[in-house]
Amino acid sequence: QVHLVESGGGLVQAGGSVRLSCAASGGTFGSRHMGWFRQAPGKEREFVSVITWNGVTKKYTDSVKGRFTISRDNAKNTLYLEMNNLKPEDTAVYYCAAKRGAVFTTTPGNYDYWGQGTQVTVSS
């Protein structure tokens, strides 16, 4: 069982930056593909960015390309999301997730373990 805890959210002005962290425990973090997803009020949870177990391959949803950077430190069992040039439409609860198995996917339903989420609010 993998336990995930996100931190780093908050209120930020448009154009600002936030760094999210996700601390993992209770499992083999270093062998799992990981991802960041978000859910805005009234909307379904959506893919933001995913990263392979070794950090070599990363994917981003189009709306965050060039602004967000996903990374991981397997020695610290921690996943990060650096978010720059934030926009009001980035406002959401951000979740980190981990999955079992070798398939690398952006689909939220394919991820097995989820954190409780951290709120990011971007004011205009």
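At a glance:
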item	result
Subset of region 1-33 (residues that are part of a strand (DSSP E or B), surrounded by fewer than 16 Cβ atoms within 10 Å (Cβ to Cβ) and not hydroxyl-bearing (Ser, Thr, Tyr))	His3, Val5, Gly10, Leu11, Gln13, Arg19
Those residues of region 34-82 which are in a loop (DSSP other than H, G, I, E, B), aliphatic (A, V, I, L, M) and in contact with a Ser or Thr (Cβ under 9 Å, 6 or more places away or on another chain), in sequence order	Ala40
Residues that are exposed (fewer than 15 other Cβ atoms within 10 Å of the Cβ) and either among the aliphatic types (A, V, I, L, M) or on the phi > 0 side of the Ramachandran plot (or both), drawn from region 35-54	Ala40, Gly42
Residue list for region 69-83, filter: more than 10 Å from the chain's Cα centre (by Cα) and surrounded by fewer than 22 Cβ atoms within 10 Å (Cβ to Cβ)	Asp73, Asn74, Ala75, Lys76, Asn77, Thr78
First in region 52-71 and closer than 16 Å to Val18 by Cβ, second anywhere and open to solvent by 70 Å² or more (accessible area, probe 1.4 Å), Cβ under 7 Å, 6 or more apart	Arg67/Asn85; Ile70/Lys58
Residues of region 84-124 satisfying the condition of being assigned to a loop (DSSP other than H, G, I, E, B), buried (at least 18 other Cβ atoms within 10 Å of the Cβ) and charged (D, E, K, R)	Lys99
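The values are calculated or read from the model by the stated rules, or taken from the named source; none is laboratory data. This structure is a prediction, so every number in the text was calculated from the model and none was measured. Using ideal geometry, Cβ is built from the backbone for each residue, glycine included, and neighbour counts are taken over all protein chains shown. Side chains are part of the model used for accessible areas, which takes the heavy atoms of the whole protein and leaves out ligands, DNA and RNA. Shrake-Rupley method; radii C 1.70, N 1.55, O 1.52, S 1.80 Å.
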